[in-house]
Amino acid sequence: MAILQQPVGRARWRLWHVPAVETFRTPAGGVPEHVELQLNGFTVGLGTVEAARRVHGVEAVPGSPAMVLVVWADDVDSACRELMAVGVPVLQPPHNTGNNNRNALLRNPDGNLVEIVAKVS
């Protein structure tokens, strides 16, 4: 799951009292625009509204529903084709996003954002 907020640093510090382990951050130095925290095998990603706009073309508004369900797959392109074939709306077709990731952004039947991600081989 990814929670889109602004800025990531402030959102992360709201969780400081939870014994979560930071497993990923980008960029590595300076103010992060995406941080992943893991707690008991569950990973939560905190991303900035600006990064969502720049990388995925999503206009998220903090304070309103601004969550993305992130699903990791072996093949983003194949998964996206299968979902498109049954009428799932695709907001962004598969594209490379950096960090050796390939992503696609869709909406589920309730209108929630779903991001499919795979490592580029």
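The values are calculated or read from the model by the stated rules, or taken from the named source; none is laboratory data. Just so we're clear, the structure is a prediction, and the values are computed from it rather than from any experiment. When we count neighbours, we look across all protein chains shown, and the Cβ atoms used for this are built from the backbone with ideal geometry, even at glycine.
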*Residue in the range 56-73 that is modelled with pLDDT of 85 or more and charged (D, E, K, R) present*: no
*How many residues are in contact (Cβ under 8 Å) with a residue 12 or more places away in the chain and not in a helix (DSSP H, G or I) if we restrict to the range 72-108?*
24
*Can you tell me which residue within the range 11-51, out of those that are at pLDDT 85 or above and part of a helix (DSSP H, G or I), is nearest to the chain's Cα centre (by Cα)?*
Ala51
*Please work out which one of (1) closer than 26 Å to Val35 by Cβ; (2) surrounded by 16 or more Cβ atoms within 10 Å (Cβ to Cβ) is the condition Leu83 fails and give its number.*
(1)
*Given the conditions (1) surrounded by 13 or more Cβ atoms within 10 Å (Cβ to Cβ); (2) over 14 Å from the mean Cα position of the chain (by Cα), and given that Ala60 satisfies all but one, which numbered condition is not satisfied?*
(2)
*So which residues in the range 108-121 are out of contact with any strand residue (DSSP E or B) (no Cβ under 6 Å at 6 or more places or on another chain) and either charged (D, E, K, R) or closer than 17 Å to Glu36 by Cα (or both), if there are any at all?*
Asp110, Lys119
